1. Can you give the extra length, in nm with one decimal, that the chain gains between residue 95 and residue 43 once fully stretched, where that is 0.36 nm per residue apart less the Cα-Cα distance?
2. With a ≥ b ≥ c the root eigenvalues of the C-alpha gyration tensor of segment 21-123, is it rounded (a/c under 1.5), prolate (a/b larger than b/c) or oblate?
3. If the chain between residue 59 and residue 36 were fully stretched, how many nm would it gain, using 0.36 nm times the residue separation less the Cα-Cα distance?
4. Starting from 0.36 nm per residue, how many nanometres of slack lie between residue 115 and residue 24 once their C-alpha separation is accounted for?
5. Evaluate the relative contact order of segment 21-123 (contact order divided by residue number), counting alpha-carbon pairs under 8 angstrom at least 6 apart; express in whole percent.
6. Expressed as a whole percent, how much of the Cα-Cα distance distribution for segment 31-86 exceeds 16 Å?
């Protein structure tokens, strides 16, 4: 019958995981004062440059650095660490996201808004 049945299994697995590769280069767009990242599987830090960042991708494991004024997480199954500016805001509208935040310096506590499903905010130690 089939001489090498394991070849089919290997090729099938390769096809399933081929779409799960972290992007080589991040290419944000800019919308209404927000820097928007649509890529999924981001595994490198993103510099907020003191501005606002929106993450639309899925299965991110990233760190937003440099005093983010605002952060939106619209995707699913993300683990995001955020250096938030005093009085800044973090909003999660997606699902199954974990956001670890710490305030970049003393000041007003950030606004944390969860209007999605099964999301969790964690103050970083």
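FYI, it's all coordinate maths here, none of it is from the lab. Small disclaimer: the values here were computed from a predicted structure and weren't measured.
1. Details: separation 52, 0.36 × 52 = 18.72 nm, distance 1.89 nm.
Value of the extension gain: 16.8 nm.
2. Details: a/c = 1.61, a/b = 1.23, b/c = 1.31.
Verdict is oblate for segment 21-123.
3. Details: separation 23, 0.36 × 23 = 8.28 nm, distance 1.58 nm.
Computed gain between residue 59 and residue 36 is 6.7 nm.
4. Details: separation 91, 0.36 × 91 = 32.76 nm, distance 3.11 nm.
My answer for the length gained is 29.7 nm.
5. Details: 297 pairs, mean separation 19.0, N = 103.
Rounded, it is 18 percent for segment 21-123.
6. Values: 481 of 1540 pairs.
In whole percent, the long-distance tail amounts to 31.
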